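Working notes, structure below.
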Amino acid sequence: MQEFDPQVLNEEPIPSPEEFSKRAHVRSLAEYREMYDHALRRPDEFWGEQAKMLSWFEPAKRVLTWDSPHAKWFEGGKLNVSFNCLDRHLEKNANKPALMWEAEDGATLQLTYAELHARVCKFANVLTSLGVKAGDCVAIYMPMIPELPIAMLGCARVGAMHSVVFGGFSATALADRIADAKSKILITADGGFRRGKIVPLKETSDAALKNCPTIEKAIVVKRTGEKIGWQEGRDLWWHELEEKASKDCPATPFDSEQPLYILYTSGTTGKPKGVLHTSAGYLLHCMWSTRLIFDLRDDDIYWCTADIGWVTGHSYIVYGPLANGASIVMYEGAPDQPRKDRFWELIERYKVTIFYSSATAVRAFMAWGADWINSHDLSSLRVLGTVGEPINPAAWKWYYEVIGKNRCPIVDTWWQTETGGIMISPLPGATPTKPGSATLPLPGIVARVVNLSGEPVPPGETGYLTIQKPWPGMLRTIYGDDDRFQRDYWSRIPGVYFTGDAAQCDKDGYIWVLGRVDDVIKVAGHRLSSMEIESALVSHVAVAEAAVVARPDEIKGEAIVCFVTLRSGTAPSKELRSALIDHVGATIGTIARPADVRFAEGLPKTRSGKIMRRLLRELAQKGGLPGALTGDTTTLEDLSVIERLAKAKGLDEE
Ligand code: ATP
Ligand code: MG
């Protein structure tokens, strides 16, 4: 069997293509280091200078007020986030496409900056007419349609917070989030389309609203035309409201720290938290990082495939790209609808230049095979991005070769809902990349891998990833639970921000994020990261995706259990199982030899596509049925995956 070169980790760094570097915003590692040092020595001067890229009604009086762990950025400044994303582009770019939307069924809609501005102004007036005031919270539960960013920007325009709840969530999850944020208004749709089927958003909303006394009105977008329930007095059609509204809506100035939104984390590690982001610092972080990391230029066609229900969609579909005046592709549906080449067909047709997707998506594309890709012209692409989970080196190389044709730099971007924007990432014209490493922190971001006493660990040793200094996009608190904010993030290692991720730093200062701290496995006194073993499995030609967890073992402390999905065209067998066990042993060492490999059709993932190892851990430890799982499963994408996995036999049961 032909295998991927397991030596990828030891390969030389891949330099940025020369042609790319020549015209990049940041052209060399030396230039990056100079910026980094400047930001480290004089952070106020550095961020004060960057803040000039925003349009201010009144400039800030101070850059940062830091009363650990509470930050205020750009105090005294006044701005309007939607003005920054729209109005200020009108002078030069009124007719530039802002949003190029494509429905799952192929229908399209294009909005120029002028058109998007007009629709946002109208919707802001709608919100005001319904009594929404600055500081109120508006819940949004919508499919990926243009009305979603319009609703968010409308909220921002009138100083209301939005709380976007991913459209795949259940009525209970929606009701919980509405109650937690005390939302007054819900914006939804009669339904959405996913893989050709209708997602009954209004029906789910109706079920949720039975338990949501704070909601006064529900605004409903007509998307599917399906028959839906209707509560007179509460429910209102979006199009009727928008039609009546004036498009005149001057942007009101708000304080820099005006709350912009609440967003719940994806729930990979436990109960989701309502992360609060505010205006100026957050917007600056998004705008600045979009420009640097994607090397954004005026003529780029930018596509981020995330759902706006997640932070990636907030920061890198809506706020970052629009603040930069970019042209954005937004796609409503699934990557395999109608066929598994939908993404490549979109890239070809829109001539996408920047493509930002997730590690989990890359592994899916890899499993589907290159035939879907090779019939499409992807020559417009110039930068590829990934986020969400560590990307296994083999998947990275596949992305680089098969999608990027060895000419597009890959930006592996590490960040969290809490950080607001990207924190660790290569700059595509400057940073030599190492497959599997998010490389170096951005200027102004002081990331360090430390032990529990806060001391840096030597290169090659696993420690805790921390952020040592405040940054503009940082969360301000957990909404309604400042104690939890202090406890979860600022007290594990006193005085610094605890990310919850395990990492290593190599001799070049490159950071290798290994996954959650809780996912580190201890075998006979050795600490192994699940990611390391998963990467070894994914480097085998038969494997598409793997999740590795520990179960208690009397002799070794913990034993390794692997759940593996295979690439299309490969069937499970006892021989393959032994081959995979040997392969891991040969790649990492005998210590890492799995005790068990279980074949699975799918892995349990959050609705944002992240593998939920904590559920697999329960499964590996207890055997048992899904009903026996005690962990929170509300953010699980597909409960039946767990049922099927529970039935899949392990070695000891055969
Ligand atoms: P919860 O906090 O509720 O468990 P979550 O952490 O999955 O949810 P997000 O904020 O969406 O929710 O995810 C951030 C996490 O995703 C990071 O802490 C990290 O574990 C992982 N991650 C994101 N990008 C990368 C990357 N480029 N490399 C490695 N890990 C990444
Ligand atoms: Mg998290």
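We did not get these values from a lab; they are worked out from the coordinates using the rules stated. In this text the structure is predicted, and so the values were computed from the model without any measurement. A quick note on method: Cβ atoms are made from the backbone with ideal geometry, for glycine too, and the neighbour counts reach across all protein chains shown.
Of all beta bridges DSSP finds with both residues in the chain, what is the antiparallel percent, to the nearest 5?
Values: 56 of 95 bridges.
Antiparallel: roughly 60 percent of the beta bridges in the chain.
In the structure displayed, which of LYS351/LYS434; LYS22/LYS340; LYS52/LYS96; LYS184/LYS351; LYS133/LYS351 lie more than 31 Å apart, Cα to Cα? Please report the intermediate quantities before stating the final value.
On the way: LYS351/LYS434 27 Å; LYS22/LYS340 35 Å; LYS52/LYS96 23 Å; LYS184/LYS351 41 Å; LYS133/LYS351 41 Å.
Where the Cα-Cα span goes over 31 Å, the pairs concerned are LYS22/LYS340; LYS184/LYS351; LYS133/LYS351.
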At 0.692 mPa s and 37 °C, Stokes diffusion of the chain via Kirkwood alpha-carbon radius, µm² per second: 130
Cα lying deepest toward the dipole's positive end in the chain, options VAL513, PHE83, PRO604, charges on Cβ: PHE83
Ascending count of other beta-carbon atoms within 10 Å, so fewest first, for TYR282, TYR350: TYR350, TYR282
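Among the trypsin sites (Lys or Arg not before Pro) within the stretch 100-155, which fall in a DSSP loop and have no more than 13 other Cβ atoms within 10 Å of their own Cβ?
Sparse-neighbourhood loop trypsin sites (Lys or Arg not before Pro): LYS133.
Counting only helical runs of four or more DSSP H residues, what would the 222 nm mean residue ellipticity of the chain come to if each run contributes -39,500 (n - 2.57) and the total is spread over all its residues?
Values: 21 runs with 190 residues, N = 654.
One gets -8000 deg cm²/dmol as the mean residue ellipticity at 222 nm.
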Förster radius 41 Å - calculated FRET efficiency between VAL541 and LYS92, Cβ distance, rounded to 0.05: 0.20
Relative packing of 333-345, 420-432, 439-451, 40-52, which averages over residues the other C-beta atoms within 10 Å, highest first: 420-432, 439-451, 333-345, 40-52
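Given just the C-alpha atoms of the stretch 408-561, how large is their convex hull per residue in cubic angstrom?
Values: hull volume 23.0 nm³, N = 154.
Cα-based convex hull of the stretch 408-561, divided per residue, equals 149 Å³.
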Per-residue ³J(HN,Hα) for the stretch 52-68, Karplus 6.51 cos²θ - 1.76 cosθ + 1.60, θ = phi - 60°, Hz, x for Gly and Pro: 5, 6, 8, 9, 10, 7, 9, x, 5, 8, 9, 7, 9, 10, 10, 10, 2
For the stretch 519-653, the fraction of alpha-carbon pairs in successive 10 Å shells from zero, as %: 12, 46, 35, 6
Formal net charge of residues neighbouring ASP488 (Cβ-Cβ distance under 12 Å; K, R +1; D, E -1): +1
Charge tally in the Cβ shell below 12 Å around ASP136, where Lys, Arg are +1 and Asp, Glu are -1, ASP136 excluded: +3
Principal axis dimensions, the stretch 560-623 - Cα atoms, whole angstrom, descending: 34, 29, 21
Rounded Å value of the spacing that divides the Cα centres of the stretch 142-202 and the stretch 479-554: 32
Proximal lysines relative to LYS469, as straight alpha-carbon distance under 17 Å, when same-chain residues fewer than 8 apart are discounted: LYS72
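For the stretch 507-563, which chymotrypsin sites (Phe, Trp or Tyr not before Pro) are in a loop by DSSP, counting at most 15 other Cβ atoms within 10 Å? Please list the in-between numbers first.
Numbers: sites: TYR510, TRP512, PHE563; in loops: TYR510.
Those that pass, being in a loop and sparsely packed, number zero.
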The chain: Cys lacking any partner C-beta under 4.7 angstrom: CYS85, CYS137, CYS155, CYS212, CYS286, CYS304, CYS408, CYS505, CYS562
